[in-house]
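Peer 1: So that we are looking at the same thing, I have put the structure below in structure tokens.
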Amino acid sequence: MTAFSLEPTTSWYLVLSAILFGIGTLGVLVRRNPLVMFMCIELMLNAVNLSFVALARELNDINGQTIVFFVMVVAAAEVVVGLGIIVSIMRSRSTLTADDLAGLKG
Amino acid sequence: MILVGAVGVIVRKHPVHAALSLVLTLFGVAVLFVAQEAHFLAAVQVIVYAGAIVVLFLFVIMLLGVDRVENLRTEPLSGQRPLAVLASLGLVAVLITAILRGNQIFNERGTGLNLPDSQNGPDANTVQLAESIFSQYVVAFEVTSVLLVIAVVGTVLLTRRTRAATE
Amino acid sequence: MLNLLWLIPLSPLVGALLNMAAGRKLGDPRSGWLATSATLISFLATVMVYFELLGRQAEKRSHVATLFSWLPVGSLQVDFALLADPLSITMSLFVTGISTLIHLYAIGYMHGDAKFSKFFVYLNLFVFSMLMLVLGENLLVTFLGWEGVGACSYFLISFWHTRNSAAVAGKKAFVTNRIGDFGVMTAMFLAFSSVGSLSYGAINEAAHSGELAAVSATAIALLLFVGACGKSAQLPLYLWLPDAMEGPTPVSALIHAATMVTSGVFLLTRINPVLHASYAWVPTTVAVVGAATALFAATIAVSQNDIKKVLAYSTVSQLGFMFLAIGSGAYVAAIFHMVTHAFFKALLFLGSGSVIHGMHHEQDMRKMGALRKVMPITGFTFIIGWLAIAGVPPFAGFWSKDEILLYVFAKSPVLYVVGIFTALLTAYYMTRQVIMVFYGKARWSDHGAEHGAHGDFTPHESPRVMLMPLLVLSVLSVVGGAMQLPFSKELHFLEHWLAPVVEESEAYIGKSWAYQNKYLLLMLAIVVATTGIVLAVAVYAKGKFKVVEPKVLEQAWHYDTAVARVVAGPGAASFNLIAWIDTNIVDGIVNGVGQVVRGAAGSLRKTQSGFVRVYALLISIGAVAILGWLLLRGVVL
């Protein structure tokens with residue numbers, strides 16, 4: 001374990017990314033509005049991107065950034081599809097929360 | 001700033017407020033990208049993420065009128081909140097432990113980042129990134145473009161209203 | 001020649017199958033002739049194998065013919081094999097020979113019966129099973145035959161199943177036999193665990209060489225004796241045999257006189273080295289049970305009025321004699337008596353069948369009498385059988401019984417007294433039977449109307465096809481004793497023939513008092529037999545003494561009722577208990593497992609709440625757990 005210094009070393013970025021990820025997880029688990037849940041998922045993706053970029057810098061490898069590029073593209077596509085689904089479900093019922101979509105109850 | 005924004009996303013009752021907090025976070029991340037010599041990505045982050053995706057969110061909120069305020073005080077599922085806090089804290093703890101432990105194994109791998117300095121020119125990062133994408137990962141690139149098309153087509157299909165439903 | 005070994009059991013099996021397929025079309029009597037020829041072929045094949053063996057040296061008279069490896073399971077190697085050695089061929093000879101005669105007889109006896117061809121299917125199947133029993137090379141093939149004869153016996157006893165008494169008798173026979181079968185099965189398990197093989201060769205070899213511990217030998221011998229008690233109707237499992245007389249007379253003759261009931265004797269002789277290697281009290285137990293059964297049955301026979309029941313109890317008694325012989329180490333004498341008994345008992349049964357047939361199915365001896373005049377040949381042959389069983393020289397029964405009593409005396413004078421008294425009773429009740437049936441006043445005219453006779457009811461002689469076997473058997477009963485005459489060693493044909501099989505265990509009585517005075521004992525036996533006959537004549541023919549037929553003897557010492565009470569009372573209670581255990585505990589466990597699974601699944605179902613957030617929560621908890629565990633293991637992420 002390296003000593004904590006106030007200089008923003010790679011570890012700091014990674015720790016920040018971890019915290020961000022945790023906040024995103026908490027949000028997904030706690031919020032009921034589907035759109036807000038989606039936004040928290042975006043938070044998590046961003047956290048991952050951040051850690052990739054930090055490590056790309058640390059390891060001096062351009063591949064890290066390439067990955068982030070692709071992640072962003074896929075995230076965009078995913079948002080499109082996800083929002084489309086939400087729209088089609090919520091068209092009729094505007095007071096929908098995640099809890100009302102309990103059709104998979106066993 | 002990032003953290004403030006993130007916390008804001010999960011805490012704000014009004015979805016529009018949450019979206020705006022998200023924008024805050026995204027900007028912060030973009031700044032950090034620049035600090036990590038990923039200039040192209042920072043630009044893409046702002047344009048695509050903060051620009052397109054969040055706008056999309058806001059459009060949907062507007063269209064569907066889901067701006068009803070969520071009641072954050074109650075939690076219908078018992079035990080969900082404490083357990084959720086536990087889970088995320090646990091996750092963070094595990095990740096941090098891993099990070100701190102794994103410090104020693106970092107070593108040089110790649111051929112090095114081209115930094116935009118006098119030697120390589122101001123677009124060095126972009127150039128290098130482009131080289132990587134279009135040569136080594138060109139297949140992935142093509143596939144991603146197909147993915148985008150499929151996503152769009154799929155969504156249009158999904159949200160289509162048939163004649164009978166509209167009446 | 002020895003390749004024909006397979007033909008011996010195969011022929012009746014084919015006969016049974018053919019009759020099953022085409023019997024009804026062939027009809028009465030052709031299906032009967034088919035069955036008879038099947039057994040005849042068996043007999044001829046046996047004769048040829050016999051001569052083949054005879055031509056060999058004494059030590060080499062053993063041939064194993066293996067068809068296929070039946071159970072090759074790990075350390076248990078059981079082959080489907082037949083063994084031809086002096087003992088098995090002796091058994092096959094008289095089994096096939098007498099079966100052929102009885103098949104012939106049955107063609108006449110069962111004439112007009114609606115299920116004529118089915119009868120012969122069962123008969124042939126029975127002969128097949130019996131041959132598998134005696135020719136088997138290992139306990140498992142014998143057991144196959146053992147069960148087969150039990151099943152066929154059940155079919156044949158309850159042949160006229162519309163009669164309630166017949167159906168009940170069949171069930172009784174089967175259940176009682178089953179108790180014996182349990183003994184045989186356990187013995188097989190024990191044999192495998194102590195010797196590692198079920199083959200007679202291996203088991204007897206182990207017993208010879210001392211490899212088989214006395215404890216195991218005792219257990220195996222006793223368990224097989226239990227099986228023998230069931231099959232050969234000894235105390236306490238004899239009670240099925242008298243009831244088995246419900247079956248048609250050829251069945252009684254074949255199964256319950258000559259063949260199936262001797263399987264117990266055969267089995268014990270087959271494993272005589274094991275008997276020899278067990279503790280000394282085991283053969284004594286066998287002898288005591290045999291003697292007790294002999295006496296017990298003989299006392300009952302004195303007051304029976306049904307012509308077949310007398311013969312049934314007589315069979316039980318004679319079987320007791322055979323076990324007495326085995327217990328005294330006189331294996332040759334036991335086999336000798338088995339063969340002669342087969343001759344004269346079959347003769348007596350067939351004769352009684354002829355009487356019954358002639359009397360239009362009347363079986364009560366009190367309604368017969370003076371039949372000698374109307375059924376001369378039947379009477380003549382029956383009288384020969386009577387003289388044989390009573391032990392009158394020079395008929396066959398005398399020699400074999402005397403041989404047994406000689407060995408018994410050498411073993412224990414007390415048992416000898418029991419034996420000789422039983423011989424007296426045998427002579428007595430058989431003479432009684434002959435007098436009641438064939439001599440005296442003709443009592444059948446008084447009851448003529450009961451038989452739906454039109455006008456005068458006169459019993460008639462039986463058809464030729466029934467009389468032929470009677471004549472053949474009577475000749476055999478006369479000359480059968482020549483197998484083993486006691487006068488000199490050279491005349492001991494049977495002993496020399498059976499030597500390789502029973503040599504070691506045969507009791508050596510050369511130096512005993514009994515042997516030195518064997519002619520004295522011979523005379524004593526003749527005196528006893530004559531006394532019995534004279535006594536019976538005095539009581540029944542001349543009327544000099546009062547007829548003594550106590551009711552308790554007629555009710556067979558109330559043994560049957562006692563058994564019925566035990567079985568119905570505590571017996572039924574314990575059966576119910578076992579059934580209850582089976583349904584509630586055993587089935588309960590099985591069902592309980594099902595219930596537990598259902599319950600568990602039911603409770604697990606609650607986790608499927610349908611709420612996405614719960615699922616997400618569970619996923620994240622799981623992820624944390626896995627990552628944490630990996631970290632702990634030292635895997636750096």
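Peer 1: Would you please give the FRET efficiency between B:Val127 and C:Gln595, computed as 1/(1 + (r/R0)^6) with r the Cβ-Cβ distance and R0 = 51 Å, to the nearest 0.05?
Peer 2: After rounding to 0.05, the efficiency reads 0.10.
Peer 1: Roughly how many debye, to the nearest 20, is the charge dipole of chain C about its Cα centre, given +1 on each Lys and Arg Cβ, -1 on each Asp and Glu Cβ, and no other charges?
Peer 2: Roughly 1160 debye for chain C.
Peer 1: Please give the Cα centre distance for region A:26-56 versus region B:1-50, rounded to the nearest Å.
Peer 2: Distance between centres, Cα-based: 11 Å.
Peer 1: Shifting gears a bit: Can you compute the FRET efficiency between B:Phe134 and C:Leu630 using 1/(1 + (r/R0)^6), with r the Cβ-Cβ distance and R0 = 22 Å? Round to the nearest 0.05.
Peer 2: 0.05
Peer 1: Also, I was wondering about something else. For helix C:413-438, report the angle its Cα long axis makes with the longest principal axis of the Cα atoms of chain C; keep it between 0 and 90° and round to the nearest 10°.
Peer 2: 60 degrees
Peer 1: Could I ask something else about it? For helix C:86-109, report the angle its Cα long axis makes with the longest principal axis of the Cα atoms of chain C; keep it between 0 and 90° and round to the nearest 10°.
Peer 2: 70 degrees
Peer 1: Take C:Ser165, project a point 7 Å from its Cα along the Cβ direction, then tell me which residues of region C:418-432 have their backbone nitrogen under 14 Å from it.
Peer 2: none
Peer 1: Can you compute the modelled spin-label distance between B:Ile96 and B:Leu58, with each label point 7 Å from Cα toward Cβ, in nm?
Peer 2: 3.4 nm
Peer 1: Please compute the modelled spin-label separation between C:Lys542 and A:Arg91, points set 7 Å along Cα→Cβ, answer in nm with one decimal.
Peer 2: Simple spin-label model gives 12.5 nm for this pair.
Peer 1: Okay, moving on. Give me Rg over Rh for region C:318-446, both radii from the alpha carbons and Rh done the Kirkwood way, two decimal places.
Peer 2: Computed over Cα atoms, the ratio is 1.06.
Peer 1: Continuing with this model, one more query. On the Cα set of chain C, report Rg and Dmax in Å, please.
Peer 2: Here Rg and the maximum Cα pair distance are 29.6, 117 Å.
Peer 1: As I understand it, the value is the acute angle between the Cα axis of helix C:464-479 and the longest principal axis of the Cα atoms of chain C; what does it come to in degrees, rounded to 10?
Peer 2: 80 degrees
Peer 1: Hey, how many Å between the Cα centroid of region C:236-296 and the Cα centroid of region C:593-627?
Peer 2: 68 Å
Peer 1: Among C:Val78, A:Ala76, C:Pro242, which residue has its Cα positioned farthest towards the positive end of the charge dipole of the protein assembly as shown, with +1 placed on the Cβ of Lys and Arg, -1 on the Cβ of Asp and Glu, and the dipole taken about the Cα centre?
Peer 2: C:Pro242
Peer 1: Taking +1 at the Cβ of each Lys and Arg and -1 at the Cβ of each Asp and Glu, which of A:Asn46, C:Gly136, C:Ala346 sits farthest along the dipole of the protein assembly as shown towards its positive end, judged by Cα position relative to the Cα centre?
Peer 2: Highest projection toward the positive end goes to C:Ala346.
Peer 1: For chain C, with the dipole built from +1 on Lys and Arg beta-carbon atoms and -1 on Asp and Glu ones, taken about the Cα centre, which of C:Val478, C:Val417, C:Val127 lies farthest toward the positive end?
Peer 2: It is C:Val127, whose Cα lies furthest towards the positive end.
Peer 1: Given labels modelled 7 Å from the Cα in the Cβ direction, how far is it in nm from C:Arg443 to C:Val414?
Peer 2: Reported label-point gap for C:Arg443 and C:Val414 is 4.0 nm.
Peer 1: Debye sum, Cα scatterers, the protein assembly as shown, no solvent: what log₁₀ I/I(0) at q = 0.05, 0.06, 0.10, 0.11 1/Å?
Peer 2: -0.54, -0.59, -1.06, -1.27
Peer 1: Computed on alpha carbon atoms, what radius of gyration and Dmax characterise region A:34-93, expressed in Å?
Peer 2: 14.9, 51
Peer 1: Right, another one. Region C:142-185 to region C:399-425: how many Å between their Cα centroids?
Peer 2: Centre-to-centre (Cα) distance: 32 Å.
Peer 1: Relative to the present Cα-Cα distance, how much length would full extension add between C:Phe182 and C:Ser609 at 0.36 nm per residue of separation?
Peer 2: The span from C:Phe182 to C:Ser609 would gain 148.0 nm if fully extended.
Peer 1: Taking the Cβ of each residue in B:Ile10, C:Ile526 as the centre, tally the other Cβ atoms inside 10 Å and list the residues starting with the fewest.
Peer 2: C:Ile526, B:Ile10
Bear in mind these aren't lab numbers, they're just calculated from the coordinates by the rules spelled out. All of these numbers come straight from a predicted model, not from anything done at the bench. Methodologically, a virtual Cβ is constructed for each residue, glycine included, from the backbone with ideal geometry; neighbour enumeration extends over all protein chains shown.
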